[in-house]
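Reviewing the structure listed below.
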Amino acid sequence: MDFELFYDKQPDYVAFRNDPDKREDYTITVDWKVRKLIQLIPAGFKVENILEVGCAFGVLLNNIADRLHLKKRIGIDISGNNIEVAKNLYPDCKLFHGTLEEFISVIPDEIQNHRYDLIVLSDIVEHIPDDLGFMEMVKKTSSYVLINLPLEKSFKTRNRQYGEQDPSGHLRCYDEEDARRLVTNAGFEVIASFTSIGFFDKSFYEMYKKNRTTRVRSKPLPQRLFWSVFYFAEDRMKLINEGFTGKIIGTNYFALLKSNIH
């Protein structure tokens, strides 16, 4: 599979590059993820630099770096089109077009063995063919990792065909046990972690509700009635609890990890 071509042409990324409304939706989604990731940072946590693998347009990377007051920030992405947008949005941010492995192979010899203070992995691991091998590489490259991993083993995605044909490029799906096993097997210590659903965040939910209303209105009457009832029931789930909702629509695993390499 040509992953660079796939992500150059992936519809969500193309929409961000060309549609202001979609860019606003993306920004709302990223803001929710940033706020959750920042919640993991303990008081007195000090780092000097930050690197994001799969930085897309650099929005999440630069938002986290701003909140942590970090000037040294680097973004890596396999999509050349995404990197070009990121360069325009964040001209002071260092950006690299390629994979983490390629990045490591071309950085100067004197810093190849010097780990970065903090690496961010937000919605990236599920796109990697060898997730465990990738996490082991990250462990050797960083002292700490902020990770956001979608947990999609849920009722809503029970028939989704994961793999190279998935429209979002998700090669596999996880639940919380899978996520914890992955980071443990890769040799990380979990400093802090929790699960959360954007569905329960006000800004994210309003954006989500707006988009689903647009989709429903575009459908023929019988389908419109069906989906109206379905989404009415979905909204009622919020009145039960977040754990039950996660089993139905999925959730996200957020964690701060520490490398066990000294």
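The values are calculated or read from the model by the stated rules, or taken from the named source; none is laboratory data. This structure is a prediction, so every number in the text was calculated from the model and none was measured. In this analysis, Cβ positions are derived from the backbone assuming ideal geometry, glycine residues included, and neighbour counts consider all displayed protein chains.
Annotations for the structure displayed:
- Among the strands (runs of 3 or more DSSP E) confined to region 81-190, the ones with at least 1 residues that are under 23 Å from Trp32 (Cα atoms) are located at 116-122, 142-151.
- Evaluation of Gln165 against the conditions (1) farther than 15 Å from Glu52 by Cβ; (2) crowded, with 17+ Cβ neighbours inside 10 Å shows that the sole unmet condition is (2).
- Whenever a residue of region 40-51 is more than 13 Å from Ile64 (Cα to Cα), its partners that are among the β-branched types (Val, Ile, Thr), lying with C-beta atoms within less than 9 angstrom and at least six residues away or across chains, give the pairs Pro42/Ile191.
- From the list Gly163, Gly169, the lone residue that is in contact (Cβ under 8 Å) with a residue 40 or more places away in the chain and on the phi > 0 side of the Ramachandran plot is Gly169.
- Taken over region 55-67, residues that are in contact with a strand residue (DSSP E or B) (Cβ under 7 Å, 6 or more places away or on another chain), among the hydrophobic types (A, V, I, L, M, F, W, C) and either surrounded by fewer than 23 Cβ atoms within 10 Å (Cβ to Cβ) or not in a loop (DSSP other than H, G, I, E, B) (or both) amount to 4.
- Filter result for Asp66 (more than 20 Å from Leu146 (Cβ to Cβ) and free of Cβ contacts under 8 Å to residues at least 12 places away in the same chain): no
- Looking only at region 180-191, and only at residues there that are under 22 Å from Lys247 (Cα atoms) and touching a helix residue (DSSP H, G or I) at 6+ places or on another chain (Cβ under 9 Å), the one that is surrounded by the most Cβ atoms within 10 Å (Cβ to Cβ): Val183
- Exclusive hit being charged (D, E, K, R), farther than 26 Å from Asn49 by Cβ and out of contact with any helix residue (DSSP H, G or I) (no Cβ under 8 Å at 6 or more places or on another chain), set Glu136, Glu102, Glu177: Glu177
- Some residue of region 114-134 being in contact with a His (Cβ under 8 Å, 6 or more places away or on another chain), crowded, with 18+ Cβ neighbours inside 10 Å, free of Cβ contacts under 8 Å to residues at least 60 places away in the same chain and in the same structural domain as Phe16 (by TED's automatic domain parsing): yes
- Residue in region 87-94 that is polar (S, T, N, Q), at negative phi and surrounded by fewer than 19 Cβ atoms within 10 Å (Cβ to Cβ) present: yes
- Of the residues in region 30-52, at least one is closer than 24 Å to Gly98 by Cβ and assigned to a loop (DSSP other than H, G, I, E, B).
- Selection from region 208-257 of residues that are among the aliphatic types (A, V, I, L, M) and surrounded by fewer than 12 Cβ atoms within 10 Å (Cβ to Cβ): Leu221, Val229, Ala233, Leu239, Ile240
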